[in-house]
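The values are calculated or read from the model by the stated rules, or taken from the named source; none is laboratory data. Here the structure is a predicted model, which is why all the values come from computation and not from measurement. Every residue, glycine as well, gets a Cβ built from its backbone with ideal geometry; the counts of neighbours run over all protein chains shown. For the accessible areas, the whole protein counts, side chains as well, though only heavy atoms, and no ligand, DNA or RNA atoms are used. Shrake-Rupley method; radii C 1.70, N 1.55, O 1.52, S 1.80 Å.
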Amino acid sequence: MAARPVRRPPRPEFAAALVDSHLRMWASTRLDAPQVEAGIWRAKLAEALGDPTLATPLRVMMAEAAERLTVATDIRVHGVPPQPPPGPRVIDLDLYRRP
């Protein structure tokens, strides 16, 4: 699947809220920051889906996101990750001995 740009949020205030959410996640020292932000966005989406003018564009964006997630991969992993050799792991200290 070729990369496509993500659609812009249907309203500018959603875009601003998304930036604020991102900044809060990075600046937070709370361990549950992602869950807190997810709850905030869940409430915002529920409110937006109640608005008939926003419901259809949001459903389209949600369907596109769901489609992308079905084929998403972690881009940090390229190919097959290396596996350690079988058997016990031993640190050979002789390699680090000074002559």
Keeping every protein chain in place, order LEU45, LEU54 by accessible area at 1.4 Å, biggest value first, i.e. largest first.
LEU45, LEU54
How much net charge surrounds ILE40 when only the other residues with a Cβ under 10 Å from the Cβ of ILE40 are counted, with Lys and Arg +1 and Asp and Glu -1?
+1
Give the ranking of ASP32, ASP94 by solvent-accessible surface, highest area first, calculated with a 1.4 Å probe.
ASP94, ASP32
At a probe size of 1.4 Å, how large is the accessible area of VAL36, to the nearest 10 Å²?
60 Å²
Probe 1.4 Å, all protein chains in place: accessible area of LEU58 in Å², nearest 10?
10 Å²
If you rank MET61, MET25 by how much accessible surface each has, with a 1.4 Å probe, what is the order from largest down?
MET25, MET61
